[in-house]
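Contents: one structure, followed by commentary.
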Amino acid sequence: MAVETRAESTDFARMHNELPCRSQQIDSLLGLFGEPSHWTYPSLFIYGHTATGKTLVVTALLQTLRVPHAVLNCIECYSQRNLFEGILNQLSSYVPGPDNGYSALYRCDNVNDFIRLLRKVIETEKFDKETVYIVLDKADRLRGLDLTLLPALVRLQELTGNNVCVVFISELVWEKFRCGTGLVEPYQIHFPNYSRAELVEILSLDCPSEYGTDFYRNYVNMLLGVFHLACRDLNELRYLAQLNFARYRKPVDRGEATEQDVRKLWKNIEPHLKTAIDSIYLREVSSSQWERMQSQTADEETIDGDLSQLPQTLAPRASVELPYYSKFLLIAAYLASYNPAKSDRRFFSKGRVKRTKQTKGKKTASSQLLGPKIFALNRLLAIFYAIGDERIVPTANIFTQVSSLVTLKLLAQASGDEQIDGAKYRCLVSLDFIRSIGRSVRFNVLRYLYDFI
Amino acid sequence: MAETDSFTKACFAFKGSKRKEKTSIDTYGFTDKGGKVRYSTYSHLWQNMDERIKATQAKLYATVFDDLLAYIKLSHKDFCPSTESKTLRTKRKEIPTTALVMGVNMPDHETTVTTLTALVRRSVTPHVATLASKDCPSMKAIMTKTLQQVVANAEALEDDDDVDVSLRKTGCSMSVLASWYTDITSRKRSPQGSPRKRKADGQLRRLFPPVVVILEDLEGFSAPVLQDFVALCSHYLDRIPLVLVFGIATAVTAIHQILPHAVSSLLSIEKFQSQSSSDYLTHVLDQVLLTNEFPFKLGSRVFYLLLDIFLYHDFSVKTFIQGLKFCMMEHFRVTAVSHLCCGAGQVAPRVAGLGHAELERLRQLPSCMKYVESQPVDRRKPLLLDDTHFKEVVTQLLVDIDSYHQHVFPLLHCLHSISKDLPRHPLGKQLREIYGQLLTGDISSTEAYKNSFSFLRVMSRESLVELLQKCASQLEGFSIFDGVVKTLRDFTAKFNDIENFTALKQKVNRSPKKGGSSNERRQSDGLIPQEKEVTVFESLRSDALQYLDDLFSEHLVCHKNLPLHEIFYFDALSAVKRHLVGTPRAAIQTALSTPHYYLQCSCCEAEKEAILGSMPDICVAYKLHLECGKLINLYDWLQAFVTIVDPASVDDDDDDSTGNDPNELMHARFIRAVSELQFLGFVKPTKRKTDHVARLTWGGC
């Protein structure tokens, strides 16, 4: 490892402590960075799954090394100008504020200007003896900008003639960035997923000071035992750990169990974790609401852990109350989306149904599996008038309801906005949803579905 | 038709000149004064109603908004932008988010959101931004909108400070917002000077007011934009205390449909359910229509129309209120002496000010004519001829209607409280259903009313006592019902008294209450209670119910029986329908078959079936196509078209031997008319026969 001039060795020790399980990556990055005066590889590409410490490691390293750097989140850079001006501002430690009218230091909206200004900044800030790092987090967003941007950034060192290193951080692999010409392969570093043991180690760092580390480690182990199959995202696991810890420690707080009484604690927490796995990733209740619910149930404290009666905030998830005709319109849309147009006559013609010779070849795949199909407005209205139980006057209100269903994302418009004479739609709701709607207006949807006949 | 000096055929807007008063004066031949008085009555009345509606709304929203505001206030109570003392492993923070489920009545959302914004601004923080999906198609737009609103509000708030922020010119980004926020808060902190003053926690909270971003319609936002926005917000959460409010029309699951897990895990969502629009409507009706404070009422047909629009189409209270407003305007515009539609206190002077012509109009009202006819012969003459006498009578009648209103609404509530819990709800679950029946006819003669009373007649003592108490509490507070309340309380007391008594009786009579007997009694003859085995309880019960029945039958009569009810009740269904319920297809057909209806030109005036050459081309083509079968031969159609539009050329052609092809101009006009018809969906090209088009509509000749 290179001997750093500005950073103390204690700093590195601290970093290794606070960023466990990433020593290998830290070392290889340090090796690549070298001393400030060394010329670094022009561009690095760091990739790995969510929550594998990419951004954290890079920013921590740069801060510890105290080298000139700029860190940008590419989500914010929805235009090239934002990106360039952000980099230049940060490198010259300039903050837009009321004193300067919230304007950027330089106005810069193309690559050419950027390179010129970057040279100027490096000169004025006297960075020409050391490496300047530009970190672009969520770099996959750059692909949506100008085609020449990415090649230019990769070759920034070559173009400016200064010691500049661009670090891309992304969750995608580099292959997904290859497009157009002029790309130079960056040096790639992969941040692998944490293993289970590593997860335990990292999660154990969150241990509250008033409890023993072994106690918390046990807890984390139990937690991973339940959730590791479903979820390996460190963030989500940390969230879950935080959420359920209050419950876990309750017997200890009350003096009913000791910290070593693992079995008893497991018995206590197990049903809770099992219910929590149903709502994993959903986050429909905030952590504060969840804690309140937990304390409520704890107050009632039924010893058999009856969790079937979860509070109402969790139970009814998708109940939508619609106006009467909207319900029929939605049902009509569903039928139009999932029935072949040929079968309309069979379902909806009022008079005699002449059963023509059924030319059923081989059974095609169920349309439930194929997903909703596009239908025209005319067909929707025809079915609507056929299933509506009474005589409905075609007023403008009916048409506005179609468009309000689109705004509610229950239907989707499949034709362009400009095509006004042949609007096409697609129904987005699920079979369960439409059946419950059908029940509320006493309409048996299944009887009219081609797949279920 | 107004002439323009333009050669082109296009639509020209002609600014009308004060239509409102002119029509009322010209069309109805009133004095200028009459129209003005009616207008002022209307505007006064509407103003009061509007205020009442707004107050009702504010009261209704208060409960859910209070919770929401409390949540927003608490969400960042320990916020402190301490960027320096950060360890490497920062604790992950979620953005406090409230999901406000507002129901599918989207036209109402605007008012809800406006109220919420105002409330937040008043009581929590000046930094609020309200975003609508239509304004935010891109990241740039969403940032610009947010910044503009947040900064502009703060500017407006403290305009003495010359906050000279020209954000519009510079690029708007979250970092600008962050530095602006730091600046604002630090400036607020600095004048306070000494740190001793700031030790109070509450004060610290005020120093860092949260920045609230309200997204009006979450469903409408484009998913990538919203995802980026949320990601950015969470990125800056340590520098700006952001709170998001999602306005949701459907269900909370909408959030997950739009945001993937990576983004939604950045949020800490708390759900709030706003008042259902049906409840909202009930309250508005209660405050505005079911009260004698506002003399204007809706007739049954219009009431049902507005209610149907609400229930069947949009659930929107706003639309309902606008419909109500329209009805009021129409009522005061059309009805002759509608300025008498005012509070009881103003009736006498207004009647005194009536001129002879207006009195004549009053006499011509159907209900008034009926009233005159119902009088004895000798009193008819002064009514019709003596203006002063007639004025007295009118005043009396109007006061009567007012007292009718005073009686009817409390009793309606009373009846509703009795009937809403009956099995199978014969009178409906909602008060508005009973009110609708009352508007249609006498409620006591309806089948539903009789059904409910037959249920009541077999009720047990406990539930009956409960009902009577409910009734009494409904009528309490109305001085006119003091006697009634007293009687009801007496009944309750008696029922309570007989408890012991019945127990005693039970020993004598083996079965105090036979299901069969009561059934028979109902069948034979309703209300004569004297039979052998009637207990004290039963007789008391039938007494009480008889009393209630009489009370209801006396007062809950239909307004249509009252003379001069036209002044208060508006029931012109067709006018309302024409204006509120658009029927595009009917309008198109009217336009095509009788263009005179819209164009109002003399040249197109004709019988319905007639086809004139002076009509617009498309009308001619349309009328001709009505005469054809399923397939239309284009050439025949063209010939018929030319014959009508330009008969002269056809005659000429017959003389010439050059062939009977019509000239090019005719051809072009015809083709244009046909393609317009095709655009409107009346014909479509077909491949079944060459040179034919298929008709898509039925009927015609």
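Miscellaneous remarks
- Flag if B:ARG206 is at pLDDT below 85, more than 14 Å from chain A (Cβ to nearest Cβ) and out of contact with any Leu (no Cβ under 8 Å at 6 or more places or on another chain): yes
- Count of segment A:121-148 residues which are surrounded by fewer than 20 Cβ atoms within 10 Å (Cβ to Cβ), in contact (Cβ under 8 Å) with a residue 12 or more places away in the chain and either of a type in the set (Ser, Thr, Tyr) or part of a helix (DSSP H, G or I) (or both): 6
- When A:ASP109, A:ASP99 are checked against the criterion of being open to solvent by 20 Å² or more (accessible area, probe 1.4 Å), under 20 Å from A:ARG155 (Cα atoms) and within 13 Å of chain B (Cβ to nearest Cβ), A:ASP109 stands alone in meeting it.
- A single member of A:LEU19, A:LEU29 is modelled with pLDDT of 85 or more, out of contact with any Lys or Arg (no Cβ under 7 Å at 6 or more places or on another chain) and surrounded by 13 or more Cβ atoms within 10 Å (Cβ to Cβ), and it is A:LEU29.
- As a summary of the residue check, B:ASP421 satisfies the conditions (1) more than 28 Å from the chain's Cα centre (by Cα); (2) more than 30 Å from B:LEU354 (Cα to Cα); (3) surrounded by fewer than 15 Cβ atoms within 10 Å (Cβ to Cβ) except for the one numbered (1).
- Here B:VAL347, B:VAL317 are screened, and the one residue that is over 21 Å from the mean Cα position of the chain (by Cα) and in contact (Cβ under 8 Å) with a residue 40 or more places away in the chain is B:VAL347.
- Wholly enclosed helices (runs of 4 or more DSSP H) of segment B:209-281 bearing at least 3 residues open to solvent by 20 Å² or more (accessible area, probe 1.4 Å) and in contact with a helix residue (DSSP H, G or I) (Cβ under 9 Å, 6 or more places away or on another chain): B:223-235
- Candidate set from segment A:154-168 (those that are surrounded by 20 or more Cβ atoms within 10 Å (Cβ to Cβ) and touching a Leu at 6+ places or on another chain (Cβ under 7 Å)); member that is farthest from A:PRO42 (Cα to Cα): A:PHE168
- Restricting attention to segment B:445-462, the residues being surrounded by fewer than 19 Cβ atoms within 10 Å (Cβ to Cβ), of a type outside the set (A, V, I, L, M, F, W, C) and not in a loop (DSSP other than H, G, I, E, B) number 7.
- The residues listed here are B:CYS368, B:CYS342; of these, the one that is in a loop (DSSP other than H, G, I, E, B) and among the hydrophobic types (A, V, I, L, M, F, W, C) is B:CYS342.
- Counted residues, segment A:74-94 - those being part of a loop (DSSP other than H, G, I, E, B) and under 30 Å from the mean Cα position of the chain (by Cα): 6
- Residues that are within 15 Å of B:ASN633 (Cα to Cα), free of Cβ contacts under 8 Å to residues at least 24 places away in the same chain and of a type outside the set (A, V, I, L, M) were ranked within segment B:671-688; the one that is farthest from the other protein chains (Cβ to nearest Cβ) is B:LYS687.
- Verdict on B:LEU573 being open to solvent by less than 50 Å² (accessible area, probe 1.4 Å) and within 14 Å of chain A (Cβ to nearest Cβ): yes
- When segment A:248-263 is limited to residues that are open to solvent by 30 Å² or more (accessible area, probe 1.4 Å) and under 35 Å from the mean Cα position of the chain (by Cα), the one that is farthest from A:ALA197 (Cα to Cα) turns out to be A:LYS250.
- For segment B:289-317, a residue qualifies if it is crowded, with 18+ Cβ neighbours inside 10 Å and over 17 Å from B:ASP571 (Cα atoms), and the qualifying residues are B:ASN292, B:PHE310, B:TYR312, B:HIS313, B:ASP314, B:PHE315, B:SER316, B:VAL317.
- Condition check for A:VAL220: surrounded by 19 or more Cβ atoms within 10 Å (Cβ to Cβ) and assigned to a strand (DSSP E or B): no
- Per this entry, A:TYR187 is counted among residues that are more than 24 Å from the chain's Cα centre (by Cα), open to solvent by 10 Å² or more (accessible area, probe 1.4 Å) and modelled with pLDDT of 90 or more.
- Looking across segment B:247-265, the residues that are farther than 16 Å from B:VAL230 by Cα and of a type in the set (Gly, Ala, Ser) come down to B:ALA249, B:ALA251.
- Number of positions in segment B:553-589 that are part of a loop (DSSP other than H, G, I, E, B) and under 28 Å from A:THR395 (Cβ atoms): 5
- Residues in segment B:424-444 that are part of a loop (DSSP other than H, G, I, E, B) and in contact with a helix residue (DSSP H, G or I) (Cβ under 9 Å, 6 or more places away or on another chain) were compared, and the one that is most open to solvent (accessible area, probe 1.4 Å) is B:ARG424.
- Complete set of residues in segment B:608-635 that are in contact (Cβ under 8 Å) with a residue 24 or more places away in the chain, part of a helix (DSSP H, G or I) and either open to solvent by 50 Å² or more (accessible area, probe 1.4 Å) or not charged (D, E, K, R) (or both): B:ILE618, B:CYS619, B:VAL620, B:ALA621, B:TYR622, B:HIS625, B:LEU626, B:LEU634, B:TYR635
- All of (1) touching a residue at least 12 places away in the same chain (Cβ under 8 Å); (2) open to solvent by less than 60 Å² (accessible area, probe 1.4 Å) hold for B:ARG489 with one exception: (2).
- Summed over segment A:371-411, residues that are open to solvent by 30 Å² or more (accessible area, probe 1.4 Å) and in contact with a Cys (Cβ under 8 Å, 6 or more places away or on another chain) total 1.
The values are calculated or read from the model by the stated rules, or taken from the named source; none is laboratory data. Every value quoted in this text rests on a predicted model; they were computed, and no experiment measured them. Cβ coordinates were reconstructed from backbone atoms using ideal geometry, including for glycine residues, and neighbour counts include every protein chain displayed. Only protein heavy atoms, including side chains, enter the accessible area calculation; ligands, DNA and RNA are left aside. Shrake-Rupley method; radii C 1.70, N 1.55, O 1.52, S 1.80 Å.
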